[in-house]
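Everything on this sheet refers to the single structure shown next.
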Amino acid sequence: MKINKEIRQLSRQLLRASFTDGQLDRGKISSLVQSLVTKRPRHYLAILENYKRLIRLEVEKRHARIESAAELVSEVKSRVLGNLQKKYSKDLTTEFVVNPQLLGGMRVRIGSDVWDGTVRSRLERLKQQL
Amino acid sequence: MSSILEEIETKIAGLKTSTTKSNVGVVRETGDGVARIEGLSDVMLNEMIEFPNGVYGLALNLEETEVGAILLGDNTKISEGDEVKTTGKLLQVPVGKALLGRVVNTLGQPLDDKGPIKTETFYPLEKIAPGVIKRQSVSQPVQTGIMAIDAMIPIGRGQRELIIGDRATGKTTIAIDTIISQARLNKAAEESGRQGLSAALLHLRRDRAEKFERGARALRSRKRRCNALHHNYLRARFRHGDESISGAIRRRRHGRVVHG
């Protein structure tokens, strides 16, 4: 379905209404969705789809995916989490993933920011330079 | 003493394992040489974007949650879900004497198997041209080497020319002949110690052009077939005693348009 201006505006308004003190409010989101489903305004399905996408992007902005070559010790995990929360926001959710293809080091992705300190990326950079 | 050494060593190790920060996005859709990318929150307008497989793109359409980028390279290598990176560089090409006599693509990468182009200077591709007053005035003619053109049309060095013509009438031939003629002059100039320079910008999408041509031909033949079918239908109705059709058939035979 093609997203027109009206759909984009409405879904953006919904997104703006789903925050409390700069944080996503689960209760508000569910009540907004419920009211949309019961009222069924024009293009409500497309609005819901677009709203879902915007919420997903917002959630991703507050979610850190930490990849490492080996399982991290809980002490390191808590230190990483503490530093990330200091840099970003307190309500940061985390996900620790073990990816042996990284060879070594860590790769942190929050929204569209990536902090890459893996051996693999350094090798690839070296490959490009050579 | 050894503790100081250890401290220095750890500092060096810390420097070596430096972390790089980059801004990434994910390809949502691609087609017609354009990719729509989700993410890339720090991208700049006209910034070069790095796709996987060594393909680059140019960020042109910055929207709230998406970025529209044109692909400069093989678009068949890009697929949905690919991770792309910003480069922090505006679209730029290498410049310098190493470029002389080379054939390059849009990004200044060699297309002629003569090895990499080693230049130190890069110039942005999109740059505001110097004003009319700043520019040197036209003082020298350009010879195309084609007598009919040189005799009738004055062309000045530094001027732009537009070559218009029907297809397969030799527009490219004129341009290539001019380059050859200029190259001859340049060679003569080089021998006398000056440097001559010719550059050609070609946009060759023969496959696309042929496809387009085929499409147009198919459309024309389909239209003809439709007309023939419609004529047969009218004739059939006439044969089955529908007198009201006779006028329509007569009109068709005389080449007039019939609706219905």
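Every number here is computed from the coordinates shown, using simple stated rules; none is lab data. Model, not experiment: these values are computed from the prediction. Note that each Cβ is placed from the backbone with ideal geometry, even for glycine, and that neighbours are counted across all protein chains shown.
Things worth noting here:
- Scanning segment B:138-164 for residues that are assigned to a loop (DSSP other than H, G, I, E, B) and in contact with a strand residue (DSSP E or B) (Cβ under 9 Å, 6 or more places away or on another chain) returns B:Val138, B:Ser139, B:Gln140, B:Val142, B:Pro154, B:Ile155, B:Arg157.
- Residues satisfying the stated conditions in segment A:92-130, i.e. over 23 Å from B:Val26 (Cα atoms) and surrounded by fewer than 12 Cβ atoms within 10 Å (Cβ to Cβ): A:Leu126, A:Lys127, A:Gln129, A:Leu130
- Some residue of segment B:107-125 being polar (S, T, N, Q) and under 30 Å from A:Arg16 (Cα atoms): no
- Segment B:122-135 - residue that is exposed (fewer than 10 other Cβ atoms within 10 Å of the Cβ) and either of a type outside the set (A, V, I, L, M, F, W, C) or over 23 Å from the mean Cα position of the chain (by Cα) (or both) and, of those, nearest to B:Leu72 (Cα to Cα): B:Lys127
- Residue check, B:Glu126 touching a strand residue (DSSP E or B) at 6+ places or on another chain (Cβ under 8 Å), closer than 16 Å to B:Val24 by Cβ and in contact (Cβ under 8 Å) with a residue 24 or more places away in the chain: no
- In segment A:53-88, residue nearest to A:Thr38 (Cα to Cα) [restricted to those that are away from chain B (no Cβ under 12 Å) and among the basic types (Lys, Arg)]: A:Arg62
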